1. Among 203, 9, what's the order by accessible area (1.4 angstrom probe), most exposed first?
2. Given the convex hull over the Cα atoms of the chain, what projected area results after averaging over all orientations, in nm²?
3. For labels at residue 259 and residue 69 in the simple 7 Å Cα→Cβ model, what's the distance in nm?
4. How high is the relative contact order of the range 50-132? Use alpha-carbon pairs under 8 Å, at least six apart in sequence, and give a whole percent.
5. Stokes-Einstein D for the range 253-404 at 37 °C, 0.692 mPa s, Kirkwood Rh over Cα pairs, in µm²/s?
6. Sorted from largest down, give the three principal axis spans of the alpha carbons of the range 293-373, whole angstrom values.
7. Report, please, the projected area of the range 65-153 averaged over directions, based on the convex hull of its C-alpha atoms, in nm².
8. Arrange the peptides 178-186, 409-417, 275-283, 334-342 so that the one whose residues have, on average, the most other Cβ atoms within 10 Å appears first.
Amino acid sequence: MKRGFYTIMAAQFFSSLADNALFVVAVELLRTSGAPKWQPAALVPMFALFYVVLAPFVGAFADAQPKGKVMFISNAIKVIGCLMMLFGTHPLMAYAIVGLGAASYSPAKYGILTELLPASQLVKANGWIEGLTIASIILGVLLGGQLVGHSVSHLLLSFDFPIFATGIDTPPEAAICVLVIIYALAAWFNTRIPHTGVEMRPMPRNKLELLPDFWNCNSALWRDKLGQISLATTTLFWGVSGNLRYIVLAWSAAALGYSTTQASSLVGVVAIGTAVGAIVASMRMRLEHATMVMPLGIAMGVLVILMNFISNVWVAAPFLILLGGLGGFLVVPMNALLQHRGHNLMGAGRSIAVQNFNEQACILALGAGYSMSTGMGLSAFGAITTFGVVVAGFMWLIQRWHKSNCIKHKEQVDHLLSIARSDKSH
């Protein structure tokens, strides 16, 4: 791997670490303030909101600027969101601003991979990026849980400044101060990311011109016989896994009687499995074989439903590791294939923005549905059953769709697979 790749990994790790810790802190902040049960569940769709609303613009912005600069600006926006939460803005609103930073960060984070590396290294690079991201999820969720736990929060609140009063009086507020420092560290790494030498694509003066351009890019990926399959798979995977993070917290409380700090450790357990699956996929899978992993998605759906029958943490932990492992092995080659097709069709930033739009729209829709259902009394067990059926059913349909393409459009699919085997066409 090129030197700049490791700098990207470091920047991504610390930014994602803070994102995931902040999620747990925001859940605890809402819980301790006596917010209705639907509000913690609404954190997931609020984070996804700007991914959907700004999708036509963030991809073009990422292609118009050096991607290290875009990532730096994005982390600065995340810091603003943290400070808003710290100084009294409603956590849902403040977390949406952090989501704005994440929405502008993602096209640059993934887009720079296709600028820096040849096609033959994309699966490997995605494996390491996803593996590191999942590691940051594990540590971030654990960090958030510990920061709002009694021992660490008591230590943080014991710090006192003699000249002025900080106004930091609760564990979530002290935790947010720590996370601002971590975001600042990620921003420093962003300044060290080298230019790739790829020509910038300036944004038009009239930004509304980007709307038809975005929809053309979106349509191009959905028409592509490999792009549509990888896009459908990653959209479903991230739509469900994005909400599963909160559902595991709710399930841990209902099935095991866990607190937020204890439940955060089980979210980390799922992420451990995903990291292992991602790394194994990066070593074993080739780009042209990405579509072979689809049966794992059906298996994931079945395993999600089986969570309802677990009431012992010693059974839950290995089960959740297996669930995460299947997900990691599924998503890495599919992500790489989608990036490869998008880069060939429209450029790195725009293709990642299209991917984010579809994935986050799925997170938004499923999260909004779950939040509304929670407000109407749906239990965590009912949500898990619903999500499992959705995953298994839709993955089966996507698999049938690809098999149909291989028969009806065989020449086109074979041609696209031959491109995936070659670095020259990338």
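1. In descending accessible area the options line up as 203, 9.
2. Its average projected convex-hull area is 20.4 nm².
3. It works out to 4.7 nm between the two label points.
4. Relative contact order for the range 50-132 comes out at 37 percent.
5. Values: Rh = 17.0 Å.
Rounded, D is 193 µm²/s.
6. 49, 32, 18
7. Numbers: hull surface 27.6 nm².
That works out to 6.9 nm².
8. 334-342, 275-283, 178-186, 409-417
The values are calculated or read from the model by the stated rules, or taken from the named source; none is laboratory data. Computed from a predicted model, the values in this text were never measured in an experiment. With ideal geometry, Cβ positions are generated from the backbone for all residues, glycine too; neighbour counts draw on all protein chains shown. Quick note on the areas: whole protein, heavy atoms, side chains included, nothing else; ligands and nucleic acids left out. Shrake-Rupley method; radii C 1.70, N 1.55, O 1.52, S 1.80 Å.
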